[in-house]
1. Please enumerate the residues belonging to region 12-49 that are farther than 16 Å from residue 102 by Cβ, loosely packed, with under 15 Cβ neighbours inside 10 Å and among the polar types (S, T, N, Q).
2. Would you call residue 9 over 21 Å from residue 111 (Cβ atoms), in contact (Cβ under 8 Å) with a residue 12 or more places away in the chain, open to solvent by less than 20 Å² (accessible area, probe 1.4 Å) and not in a helix (DSSP H, G or I)?
3. Considering every residue within region 90-107, establish whether at least one is open to solvent by 50 Å² or more (accessible area, probe 1.4 Å), under 23 Å from residue 40 (Cα atoms) and touching a helix residue (DSSP H, G or I) at 6+ places or on another chain (Cβ under 7 Å).
4. In the list 55, 59, which residue meets the criterion of being open to solvent by 40 Å² or more (accessible area, probe 1.4 Å), β-branched (Val, Ile, Thr), out of contact with any Phe, Trp or Tyr (no Cβ under 8 Å at 6 or more places or on another chain) and assigned to a helix (DSSP H, G or I)?
5. Examine region 32-51 for a residue that is outside any helix (DSSP H, G or I) and in contact (Cβ under 8 Å) with a residue 60 or more places away in the chain, and state whether such a residue exists.
6. Residue 73 - would you say it is farther than 12 Å from residue 4 by Cβ and touching a residue at least 12 places away in the same chain (Cβ under 8 Å)?
7. I need a count of the residues in region 81-102 that are at pLDDT below 95 and either assigned to a helix (DSSP H, G or I) or within 20 Å of residue 51 (Cα to Cα) (or both).
Amino acid sequence: MRIAIPSSGQAVSDPVDNRFGRAPYVILFNQDSGETVSLSNPYAAESGGVGPRLVQLLVQNQVTHLITPRIGGNAENALHAAGIIVFQWEGSGSVSDALEKFTAGKLPLMGTNAQSS
């Protein structure tokens, strides 16, 4: 299982970014190997359509799950089409905090994913 989390910085100790498509980084966590990778978001400063393009980057990196505070409609459609399961992050905290809550089963499914599972 590969989990993606939008981040304000490159480390798991950095805060979860409230913006999915415009987050400066995305932290990828491979739950099977324990490997963590930080990806710079090449679309963060683009003018539009960044959410679906970032979803494509997640697909290329074999992401299966996303933890994020919110997503736009186009990104939500792209995530759903890609089969990426989205979990809602609420409040504040680090990427590490989000991973911990996810692993403990304490994050709700977001949007259409909540209806389909």
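The values are calculated or read from the model by the stated rules, or taken from the named source; none is laboratory data. Here the structure is a predicted model, which means the values were calculated and not measured. Ideal geometry is used to build each Cβ from the backbone, glycine not excepted, and the neighbour counts take in all protein chains shown. Surface accessibility is based on the protein's heavy atoms, side chains included, excluding ligands, DNA and RNA. Shrake-Rupley method; radii C 1.70, N 1.55, O 1.52, S 1.80 Å.
1. 13, 18, 33, 40, 47
2. The answer is yes for residue 9.
3. No, there is no match, as no residue in region 90-107 is open to solvent by 50 Å² or more (accessible area, probe 1.4 Å), under 23 Å from residue 40 (Cα atoms) and touching a helix residue (DSSP H, G or I) at 6+ places or on another chain (Cβ under 7 Å).
4. When all the criteria are applied, what remains is 59.
5. No: region 32-51 contains no residue that is outside any helix (DSSP H, G or I) and in contact (Cβ under 8 Å) with a residue 60 or more places away in the chain.
6. It is false that residue 73 is farther than 12 Å from residue 4 by Cβ and touching a residue at least 12 places away in the same chain (Cβ under 8 Å).
7. Qualifying residue count for the region: 1.
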